[in-house]
Structures are given as structure tokens and as C-alpha cells.
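Each reported figure results from applying straightforward, stated rules to the coordinates on display, with no laboratory input. This is a predicted model, so every value here is computed, not measured. As a convention, Cβ positions derive from the backbone with ideal geometry for all residues, glycine included, and neighbour counts pool all protein chains shown.
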Amino acid sequence: MNDTILVLNGPNLNLLGKRQPEIYGRDTLADVEALCRETAAGFGLTVDFRQSNAEHVMIDAIHDFRVGSAGIVINAGAYTHTSVALLDALNTCEVPVIECHISNVHRREAFRHHSYISLAATAVLAGFGTHGYALAIRHLAHLRSGKPA
């Protein structure tokens, strides 16, 4: 197992900090990346941080990290609620998968209450803002330590 965590972000997250800051806050994706790298480094881990608006690019990233990595943190954006293809890719993972949402999707529109990603996730975080990414990485580090969840 290597020490790299894939942090994978889906559609429109490239606009973080600009798009609906009343929901998603003012942190940019670059801020989230810095937070992830700093948190991972504290545990001796590294981060491969990616964002794509294209479903097939996200699937390819999952395939690259599905075995042997330290785990995957995924905020699939709107694909969370629509993508069986991402679910199928995540179901091939032999590493922990943490689903992470900046907003509390359960307090939002009804269509956001269903997640295909959750069916493959080891754990789910929602509503912690961008701090949820740090929590997800901390949990992956905890799982690597061999301690019970």
C-alpha cells in the first residue's frame, strides 16, 4: 500500500469560492487543496488532488487509485445523485472511500438526498464545509493505523 490519497472533486467544484458562497463558503479549490496537503502531511501521507467536470475522467482517476493507495476522498458534486457509472467504478475499490460534501445535502433540495456514491462509501461527511476534507483525510489515516473505526 502506498501513502497517497486521491482527493477527487466533481463538476463545478472548480468554481468553489465563486459559486453560491452562501452554500459552499468562500474557500477556493486551491484553499481546499492546501488544507488536504497539510492535513495529509501531518500523517506522513501525500495527496493527489484532482477536479474534473467530466465523468469519464473521474472514473479513470478512481481506476488509478482503486488498489494500493491510501484511500479515496470523493466529492462527486452533482454526479453524486446521478452517476451509476461512478458507483460502479467505486465498487471496484479495494481501499477505503470517503464521500465528502461541503454542504449538508439533506437540508437541500429533495433530489440531493439520494447518493449513489454512498452505496460504495466507507464513510460519509456532509455539512462540515471544506473542513470535511480534513476530517476525511484524518479518518483515512485512522483506518491505516489499524484501529477500529
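Under the rule a/c < 1.5 gives rounded, and otherwise a/b versus b/c splits prolate from oblate, where does the range 69-140 land using the Cα gyration tensor?
It is oblate, given that a/c is not under 1.5 and a/b is not larger than b/c.
So how do 125-135, 4-14 stack up, highest first, on mean other-Cβ count within 10 Å? It would help to have the intermediate numbers written out before the result.
On the way: 125-135: 18.5, 4-14: 21.3.
Per-residue mean Cβ counts within 10 Å order the peptides as 4-14, 125-135.
Each residue of the range 42-52 in order: what ³J(HN,Hα) in whole Hz does its phi give by Karplus 6.51 cos²θ - 1.76 cosθ + 1.60, θ = phi - 60°, with x for Gly and Pro?
Computed from phi, the couplings for the range 42-52 are x, 10, x, 10, 10, 10, 9, 9, 9, 9, 8 Hz.
Can you pull the three principal axis extents for the Cα set of the chain, in Å, largest first?
Ordered largest first, the chain gives principal extents of 38, 30, 28 Å.
Considering amide H positions built from the backbone, and no H for Pro or chain starts, which residues 5 or more places from F49, or on another chain, come under 5 Å of its amide H?
Under 5 Å from the amide H of F49: V7.
Treat each spin label as a single point 7 Å out from the Cα along the C-beta direction, and report the V67 to H131 distance in nm.
Between V67 and H131, the label points sit 3.9 nm apart.
Is there a quick way to get the dipole size of the chain? I mean about its Cα centre, with the Cβ of Lys and Arg at +1 and of Asp and Glu at -1; what is the value in debye to the nearest 20?
With Lys and Arg at +1 and Asp and Glu at -1, about 380 debye.
Sequence-distant or interchain residues sharing an amide H contact under 5 Å with A121, placed H: which?
Sorted by chain and number, the residues that satisfy this come to none at all.
With the dipole of the chain worked out from charges on the C-beta (+1 for Lys and Arg, -1 for Asp and Glu) around the Cα centre, which of A30, V84, H139 lies farthest toward the positive end?
The Cα lying farthest towards the positive end belongs to H139.
So what are the ³J(HN,Hα) numbers for the range 57-72, from phi and the Karplus equation (6.51, -1.76, 1.60; θ = phi - 60°), rounded to whole Hz, Gly and Pro as x?
Values per residue, Gly and Pro as x: 5, 5, 4, 4, 5, 4, 4, 5, 10, 5, 10, x, 7, 7, x, 10 Hz.
Show me the ranking of peptides 26-35, 45-54 by mean Cβ neighbours inside 10 Å, starting with the highest.
Result, highest mean Cβ count within 10 Å first: 45-54, 26-35.
Using the charge dipole of the range 52-149 (Lys, Arg: +1 at Cβ; Asp, Glu: -1 at Cβ; taken about the Cα centre), state which of G127, V57, P96 has its Cα farthest towards the positive end.
Comparing the listed Cα positions along the dipole, G127 ranks first.
Mean separation of Cα pairs under 8 Å and 6+ residues apart, divided by the residue count of the range 66-118: what relative contact order is that in percent?
Dividing the mean separation by the residue count of the range 66-118 yields 49 percent.
If you take the beta carbon distance between E94 and E22 as r and set R0 to 41 Å, what does 1/(1 + (r/R0)^6) give as a FRET efficiency, to the nearest 0.05?
Calculated value: 0.60.
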